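Every number in this text was worked out from the coordinates using simple rules, so none of it is lab data. Model, not experiment: these values are computed from the prediction. Because the Cβ atoms are built from the backbone with ideal geometry, glycine has one as well, and the counts that use them run over all protein chains shown.
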């Protein structure tokens, strides 16, 4: 574990729509940078093993655990990659919107000493419909139902193209890019920024 680091640790938060490739890109980026990786479903699945999905108690615990885990990693000098399923209009049962969650995360990570980079992945709808069927999505009990995904994409109340209002936000359309190419773009951006 990294405990002594003369430079501030880096937190990369990859966010975007269901099936946009957040975890796939995060894994490619982890290989390139060597950072620790945590993703949505690690904490979610832990909490949902005890509390029902979508409950106030479950969501409240998920939010607290995320903040505490990420802050502690940064305080210990550990650079991390985080994924987050995002819709600009989503509001958790706790009342926390996705944009507010990311803004709070930015504040907490910065307060803990991190340099943060947010990466908003986007892709065309047809690519999302194809990706939602991928085998890798079964491992973490992710959405794999094409008709449900089509409903999400048709729901005009879900705003998935609007980025969170956070500093240092990189938007990448990865419709026609391999995960390794996206990881390279992120890595190059990091070198310029930090």
Within the set 181, 98, 155, GNM on the chain using Cα springs under 10 Å gives the largest fluctuation to 155
What length, rounded to one decimal in nm, is gained on full extension from residue 41 through to residue 136, with 0.36 nm per residue of separation minus their alpha-carbon distance?
32.9 nm
Can you sort 190, 96 so the residue with the fewest Cβ neighbours within 10 Å comes first?
96, 190
Value of [θ]222 nm, deg cm²/dmol, for the chain, DSSP H segments ≥ 4, -39500 (n - 2.57) each, nearest 500:
-14000 deg cm²/dmol
Nearest 5 percent is fine: what portion of the DSSP beta bridges confined to the chain is antiparallel?
5 percent
Multiplying the sequence separation of residue 187 and residue 51 by 0.36 nm and subtracting their Cα-Cα distance, what value in nm do you get?
45.2 nm
Just check the chain against the gyration tensor rule for me: Cα atoms, a ≥ b ≥ c as the square roots of the eigenvalues, rounded for a/c under 1.5, and otherwise prolate or oblate depending on whether a/b exceeds b/c.
oblate
Suppose a student asked you for the relative contact order of the chain, using Cα pairs under 8 Å spaced at least 6 residues apart; what percent would you report?
32 percent
Subtracting the Cα-Cα distance from 0.36 nm times the residue separation, let me have the gained length for residue 64 to residue 167 in nm, one decimal.
34.8 nm
